[in-house]
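Dropping a structure here in structure tokens format, bear with me for questions.
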Amino acid sequence: MKRHPGYLGCVLAALWLFWLSGGVAAADWHATPGEPLQPLIDQAADGDRLLLPAGRYPGQILVNRSLHIRGEASTIIDAGGQGNAMMLTAPDVVLENLTIEGWGENLTEMDAAIFVAPSAHGSSIRDNHLYGPGFGIWLDAVNEVSVVGNTIRGDTSLRSQDRGNGIHLYNVSNSLIDDNDVANTRDGIYLDTSRHNVLRDNTLHELRYGVHYMYSFDNRLEGNLTQRTRTGYALMQSKRLDVINNRSEEDDNYGILMNNITDSHLSGNRVTGITQPLGADGEGRLNGGDGKALFVYNSQFNRIEHNRFAASDIGIHLTAGSEDNTMVGNAFIANKQQVMYVATREQDWSGNYWSDYLGWDLDNDGIGDTTYEPNDAMDHLLWHHPSARLLMQSPAVLALRWVQRQFPVFLPAGVKDSAPLMNEPSLEGTSL
């Protein structure tokens, strides 16, 4: 048979590539339920697949090869209540469709269902179900990891503070945390000293904090949902965060909390129904314990625009030098108190919508003709003396408010909107 002149060259090239790849094609390894997985992992080569039929497998597994480990429905790895169920030390590992339970609860030892070591860069953890007391997934000083589509549940027999976080990032960069469902852990997603990561479309509920940032720069938080947490989004000690199109629904205490946040952008977020829960005895709330849709503490040079803060005890509370922020295009809807501002400089937030604005628009340009001022001197007095709140609806206080409006001889520093919007702005399509 006559061969094409380039045939020999193609064969030699294929042999050369085969030799460079180690001379062995990727293999499939089939596990046996009830048998340890470690011997199979130790025999496998980088690029091989380890297939786990339905059944139970003992945990505390070291994945030191670049393997694709995939389970079936009802494939369960049980760590027996000790240590890490799985530790990844090789790069480019894929863990898929596993149910992991029974790992350790020692938070000091960082016990986790899946512990990803610094050498395991490029790994992917997807579509797994994790049920246990310690950390769900711990990413430790690793880069370019994806955590996608996982369901994580904590151990409700433990106190909240004794549980691990659902997904914990320490010194992590360029990673994606997407479409995970986390509940009943301590915090849903916690980031410490991490940068250039994307948290997107996660659902976080029944937690202390839904998302918790500490000392983390240049991260993006987009399209997430928090429900029934004690704080939806706790943004602390961080810079250059993009917080876009997230939702906080019926969280306690705070929807979005900003503590020492600078040069960040909040846009398109919807915060609804933030209240301070009743005390353990079912009686009234503590002084100053109102639920705040947005709480801004010692945070400057941020742009807060096109957000919706609604049906909460307080729409926005600013304090401790939280000035020089841009506030425009936001909607404050039916909050019991729209603004609480405790500082010494007057703030003019022109161009927001306030559901309790009583002004008019004679030229029909969509902007109110009179300034909106949410607080008066009595508000400031009551903030400084919380015990006097019992008298808020008393005839004496109502009379003092009327006198203040009619004869404004004392004008404390506060917030005003010189160009209030007459109609609620649309947030659809808001993006960075």
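Looking at segment 222-236, is at least one residue out of contact with any Cys (no Cβ under 8 Å at 6 or more places or on another chain), outside any strand (DSSP E or B), buried (at least 17 other Cβ atoms within 10 Å of the Cβ) and among the acidic types (D, E)?
No, segment 222-236 contains no residue that is out of contact with any Cys (no Cβ under 8 Å at 6 or more places or on another chain), outside any strand (DSSP E or B), buried (at least 17 other Cβ atoms within 10 Å of the Cβ) and among the acidic types (D, E).
Is it true that L107 is open to solvent by less than 20 Å² (accessible area, probe 1.4 Å), more than 21 Å from D42 (Cα to Cα) and free of Cβ contacts under 8 Å to residues at least 60 places away in the same chain? Before the answer, list the steps.
Details: open to solvent by less than 20 Å² (accessible area, probe 1.4 Å): no; more than 21 Å from D42 (Cα to Cα): yes; free of Cβ contacts under 8 Å to residues at least 60 places away in the same chain: yes.
In short, no.
Here is a list: R163, R195. Which entry is over 15 Å from the mean Cα position of the chain (by Cα) and of a type in the set (D, E, K, R)?
Numbers: R195 fails: over 15 Å from the mean Cα position of the chain (by Cα).
Checking each option against the conditions leaves just R163.
Out of all the residues in segment 78-103, which are more than 28 Å from the chain's Cα centre (by Cα) and assigned to a strand (DSSP E or B)?
D78
Right, here's the next one. Going through segment 84-104 one residue at a time, which ones are open to solvent by less than 20 Å² (accessible area, probe 1.4 Å) and over 17 Å from R186 (Cβ atoms)?
We begin by selecting, within segment 84-104, every residue open to solvent by less than 20 Å² (accessible area, probe 1.4 Å); these are 85-86, 88, 90, 93, 95, 98, 100, 103-104.
Residues satisfying the conditions are A85, M86, L88, A90, V93, L95, L98, I100.
Specify the residue that is farthest from L191 (Cα to Cα); the eligible residues are those in segment 158-171 that are among the polar types (S, T, N, Q) and at pLDDT 95 or above. Show your work before the answer.
Let us first name the residues in segment 158-171 that are among the polar types (S, T, N, Q), namely 160-161, 165, 171.
Next, from what is left, pick out any that are at pLDDT 95 or above: 165, 171.
Details: N165: 10, N171: 8 Å.
Selected residue: N165.
Of everything in segment 326-368 that's open to solvent by less than 20 Å² (accessible area, probe 1.4 Å), modelled with pLDDT of 90 or more and of a type in the set (S, T, N, Q), which residue is farthest from K292 (Cα to Cα)?
N352
For segment 205-221, name all the residues that are closer than 18 Å to F295 by Cα and buried (at least 17 other Cβ atoms within 10 Å of the Cβ). Outline the logic, then answer.
Applying the first criterion (closer than 18 Å to F295 by Cα) to segment 205-221 yields 208-214, 221.
Within segment 205-221, R208, Y209, G210, V211, H212, Y213, L221 qualify.
Would you confirm, using the coordinates I've provided, whether A311 is closer than 18 Å to T231 by Cα, in contact (Cβ under 8 Å) with a residue 24 or more places away in the chain and surrounded by 16 or more Cβ atoms within 10 Å (Cβ to Cβ)?
Numbers: closer than 18 Å to T231 by Cα: yes; in contact (Cβ under 8 Å) with a residue 24 or more places away in the chain: yes; surrounded by 16 or more Cβ atoms within 10 Å (Cβ to Cβ): yes.
Yes, satisfied.
Taking only segment 41-78 into account, find how many residues are open to solvent by less than 60 Å² (accessible area, probe 1.4 Å) and modelled with pLDDT of 95 or more.
Initial filter on segment 41-78 (open to solvent by less than 60 Å² (accessible area, probe 1.4 Å)): 41, 44-45, 47-48, 50-55, 57-59, 61, 63-64, 66-69, 71, 75-78.
So of that shortlist, the ones also modelled with pLDDT of 95 or more come out as 41, 44-45, 47-48, 50-55, 57-58, 61, 63-64, 66-69, 71, 75-78.
Result for segment 41-78: 25.
In addition: Among what's in segment 369-388 and is at pLDDT below 55 and in a loop (DSSP other than H, G, I, E, B), pick the residue that is most open to solvent (accessible area, probe 1.4 Å). Talk me through it step by step, then tell me what you get.
Pass one, segment 369-388, residues at pLDDT below 55: 376-388.
Of the ones still in play, those that are also in a loop (DSSP other than H, G, I, E, B) are 376, 385.
Numbers: D376: 27, H385: 102 Å².
Looking at residues that are at pLDDT below 55 and in a loop (DSSP other than H, G, I, E, B), I get H385.
It is to be established whether one or more residues within segment 180-197 are touching a Phe, Trp or Tyr at 6+ places or on another chain (Cβ under 6 Å), hydrophobic (A, V, I, L, M, F, W, C) and either open to solvent by 40 Å² or more (accessible area, probe 1.4 Å) or under 16 Å from Y233 (Cβ atoms) (or both). First the steps, then the outcome.
Let us first name the residues in segment 180-197 that are touching a Phe, Trp or Tyr at 6+ places or on another chain (Cβ under 6 Å), namely 187, 191-193, 195.
Next, from what is left, pick out any that are hydrophobic (A, V, I, L, M, F, W, C): 191.
Filter once more, so that each one left must be either open to solvent by 40 Å² or more (accessible area, probe 1.4 Å) or under 16 Å from Y233 (Cβ atoms) (or both): 191.
Looking through segment 180-197, at least one residue is touching a Phe, Trp or Tyr at 6+ places or on another chain (Cβ under 6 Å), hydrophobic (A, V, I, L, M, F, W, C) and either open to solvent by 40 Å² or more (accessible area, probe 1.4 Å) or under 16 Å from Y233 (Cβ atoms) (or both).
Table: residues versus (1) under 22 Å from N197 (Cα atoms); (2) at pLDDT 95 or above.
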residue: L221; (1), (2): yes, yes
residue: N224; (1), (2): yes, yes
residue: R240; (1), (2): yes, yes
residue: R247; (1), (2): yes, yes
residue: T262; (1), (2): yes, yes
residue: G268; (1), (2): yes, yes
residue: T272; (1), (2): no, yes
residue: D281; (1), (2): no, no
residue: G284; (1), (2): no, no
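Given the options I152, I177, I137, name the one that is modelled with pLDDT of 95 or more, in a strand (DSSP E or B) and more than 18 Å from M214 (Cβ to Cβ). It would help to see each step written out before you state the result.
On the way: I177 fails: more than 18 Å from M214 (Cβ to Cβ); I137 fails: more than 18 Å from M214 (Cβ to Cβ).
After applying the criteria, what remains is I152.
The values are calculated or read from the model by the stated rules, or taken from the named source; none is laboratory data. Treat the numbers as computed from the prediction; the structure is a model and nothing was measured. Please note: Cβ atoms are built from the backbone with ideal geometry, for glycine as well, and neighbour counts cover all protein chains shown. Note: areas computed on protein heavy atoms with side chains; ligands, DNA, RNA excluded. Shrake-Rupley method; radii C 1.70, N 1.55, O 1.52, S 1.80 Å.
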